[in-house]
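Structure first, then comments.
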């Protein structure tokens, strides 16, 4: 048997801490196993694996077609974006999916300024590729400090390394990983992980003990995905079996699956196979929030 490195032993010991943190939910009747916990509705609170985090099954994405600290959400303007976020919150969505790349931190801060922080689960992402706007520090300490100030919070629930596209991303992102781990031990960040835009990168994430949370593209048609639905599904089930939290994105293929029957078929595929702990959808109108909630609820009811 291969001898574990000191870093791997530390990662695994932290995973054990997460398991202890989730114990109260077991006593309260929430089912926490290697399988995804099936919600009753889109806005039911579900436990995210062994992280101790509970949130609405549906997360509100804020980065539709995001780049250079801009997205379809920021481009609609602060007032409309904040109104949309508040509407989602009123409907029961407490899971907010953000990223430095999207530029939505200040918008979210304003939208929920008069609401208790403990009511929300905040997920954000570190962009590690230099571009015209974002100049990465090479680590995570500076970035997380910036995000906390932008969101007016002492703690971030989930921080992911954004958009990994190479098999050897752990080696290339060593400093980011180590600094995120440091922040996790200090309880500044509750869970860490990665979002993947490459199938080999996703395979690495599934095997890596450092990863608590995997954000992966999944739908029944393979739209905007990293491999076929069958290949990705098999890998996500493997991730779940290994205790990873799987968050699904691109459920509607980033707006390519627009017909009602297409959306329903994708939801049935993802939910029927138990591929995810939770899912994030980028919704740009109040009607889209209502539609997504209703469709998820109807699919869950049909699946029994």
Single condition residue 135 does not satisfy, out of (1) in a loop (DSSP other than H, G, I, E, B); (2) out of contact with any strand residue (DSSP E or B) (no Cβ under 7 Å at 6 or more places or on another chain); (3) touching a residue at least 24 places away in the same chain (Cβ under 8 Å): (3)
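For (1) in a loop (DSSP other than H, G, I, E, B); (2) surrounded by fewer than 22 Cβ atoms within 10 Å (Cβ to Cβ); (3) in contact with a helix residue (DSSP H, G or I) (Cβ under 6 Å, 6 or more places away or on another chain), each residue gets a yes or a no:
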position	(1), (2), (3)
82	no, yes, yes
88	no, no, yes
92	yes, yes, no
110	no, yes, yes
113	yes, yes, no
125	no, no, no
143	no, no, no
Residue in segment 255-263 that is touching a residue at least 12 places away in the same chain (Cβ under 8 Å) and within 23 Å of residue 94 (Cα to Cα) present: yes
Residue in segment 31-53 that is at pLDDT below 95, surrounded by 15 or more Cβ atoms within 10 Å (Cβ to Cβ) and part of a helix (DSSP H, G or I) present: no
Some residue of segment 145-164 being within 18 Å of residue 209 (Cβ to Cβ) and part of a loop (DSSP other than H, G, I, E, B): no
Options 148, 177: the member that is surrounded by 22 or more Cβ atoms within 10 Å (Cβ to Cβ) and either more than 19 Å from residue 48 (Cα to Cα) or over 19 Å from the mean Cα position of the chain (by Cα) (or both): 177
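The values are calculated or read from the model by the stated rules, or taken from the named source; none is laboratory data. Since the structure is predicted, the reported quantities are computational estimates derived from the model, not experimental observations. Cβ: placed from backbone, ideal geometry, glycine included. Neighbour counts: every protein chain shown.
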